1. If every alpha-carbon in segment 151-204 counts as one equal scatterer, what log10 I(q)/I(0) does Debye give at q = 0.13, 0.14, 0.24, 0.26 1/Å?
2. If the chain between residue 273 and residue 125 were fully stretched, how many nm would it gain, using 0.36 nm times the residue separation less the Cα-Cα distance?
3. Separation between the residue 250 and residue 330 pseudo-spin-labels, each 7 Å from Cα along Cα→Cβ, expressed in nm?
4. Using θ = phi - 60° and the Karplus relation 6.51 cos²θ - 1.76 cosθ + 1.60, list the HN-Hα couplings for segment 28-42 in order, rounded to whole Hz, with x at every Gly or Pro.
5. Enumerate the lysines that residue 29 could reach by cross-link, defined here as Cα to Cα under 23 Å, with residues fewer than 8 away along the same chain left out.
6. For segment 2-351, count all C-alpha to C-alpha pairs, find those more than 40 Å apart, and express that count as a whole percent of the total.
7. Please compute one quarter of the surface area of the Cα convex hull for segment 35-107 and express it in square nanometres.
8. What FRET efficiency comes out for the pair residue 41/residue 3, r = Cβ-Cβ distance, R0 = 25 Å, nearest 0.05?
Amino acid sequence: MLSAALESDVDRSAMGRVSAHGQLVGLLKNRLYLEDLVACHPEILDVEIARPIVIVGQPRTGTTHLHNLMASDPALRSLPYWESLEPVLPEAERTAVARGAPDPRPGRTEVGLAFLNEALPYFKRMHEMTVDHVHEEIQLLAIDASTMLFETMAVLPTWRDYYLAHDQTPSYRYLKRVLQVLQWQRGGERWVLKSPQHLEQFGPLLEVFPDATFVVTHRDPVSVIASNATMLAYTARLSSARPDPHRIGQYWSARIQQMLETGMQERDLLPADRSIDVRFDEFMADDIATVEQIYAVADQPFDPSVRAAMERFVVEHPRGLHGGVRYDLWGDFGIDPAERRAALRDYVTRFGVAEEH
């Protein structure tokens with residue numbers, strides 16, 4: 001279905017075909033290596049994934065900064081970018097690493113990022129990627145041929161409809177399987193996870209991770225649409241023969257509304273004593289204080305050493321390090337901000353979201 005959607009929904013460039021082929025083959029390869037490891041070590045499936053902290057929110061709502069900030073706490077297990085791309089090495093490389101050879105995955109990731117930064121020099125202004133950058137588990141869900149990650153490759157209404165029509169609980173169970181493998185390989189006791197996709201998957205999350213704590217982030221949806229559409233229109237230069245910013249903007253405007261409405265309808269499914277809403281303006285005003293509130297809900301220790309680790313992260317990763325981006329919903333995408341604000345009024349009111357102008 002995904003391959004068919006990539007053929008029918010997108011006028012792919014030659015680079016787009018190479019990129020899609022490489023991504024799909026990589027995901028299949030990861031699944032084979034992972035299943036081979038589990039077959040050799042069935043005790044992996046006894047690993048407990050206990051009380052994960054799951055960040056849920058639209059892209060561009062501060063989730064990346066929050067995720068990285070919490071991941072700076074050594075007590076929490078997170079997913080570095082290099083590990084998300086290659087969760088399991090083939091047997092020969094695993095054996096070599098066990099004998100003392102360096103892990104080849106960070107180096108391979110560095111090569112890929114060098115290409116990304118050359119091809120998309122402004123991308124790091126929107127979403128900086130580094131080898132050890134904490135990444136979303138959406139990359140792991142994709143190993144089960146699921147997730148809305150594929151929608152970020154191109155506008156894929158065929159895939160979107162297929163994905164939304166199917167219960168994602170089996171794929172979330174597979175995500176747990178991958179986390180068990182990763183924890184068995186490199187340790188960790190409590191995961192901090194993050195993905196915008198979770199906003200429309202509260203049911204599967206609760207089914208698979210019943211003891212999780214949920215952090216639901218909120219931001220003015222007009223700003224979210226502008227930021228997200230700009231980033232995806234920019235990256236479309238690598239996949240589409242004729243990128244259409246208006247089509248991309250309209251697709252994601254509707255998609256974000258759909259996700260927000262689903263999340264709003266299902267927010268009360270989350271246990272009140274293990275969930276917290278985080279508003280973007282409040283988080284930006286005092287990010288570490290916000291994390292301290294999250295830790296209180298999650299029953300996670302927040303001592304002076306944790307605060308110091310997060311303060312170091314903030315100093316070493318200042319905001320706007322690579323410059324900023326100007327967003328123009330109407331001029332770039334033909335989207336009327338006033339119309340979008342009216343359409344999403346219920347969401348803004350429900351969660352007390354501050355409007356940005």
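1. -0.45, -0.51, -1.06, -1.13
2. Details: separation 148, 0.36 × 148 = 53.28 nm, distance 3.65 nm.
Separation in residues times 0.36 nm, less the Cα-Cα distance, equals 49.6 nm.
3. For residue 250 paired with residue 330, the spin-label model returns 1.9 nm.
4. 5, 4, 4, 5, 4, 4, 5, 5, 5, 5, 5, 5, 7, 9, x
5. Hits, sequence-local ones excluded: 176.
6. Value for segment 2-351: 9 percent of Cα pairs lie more than 40 Å apart.
7. Mean shadow area of the hull around the Cα atoms is 6.9 nm².
8. 0.20
Bear in mind that the values in this text are calculations on the coordinates, not laboratory data. What you see is a predicted model; the values in this text were computed from it and never measured. Heads up, the Cβs are rebuilt from the backbone with ideal geometry, glycines too, and the neighbour counts pull from every protein chain shown.
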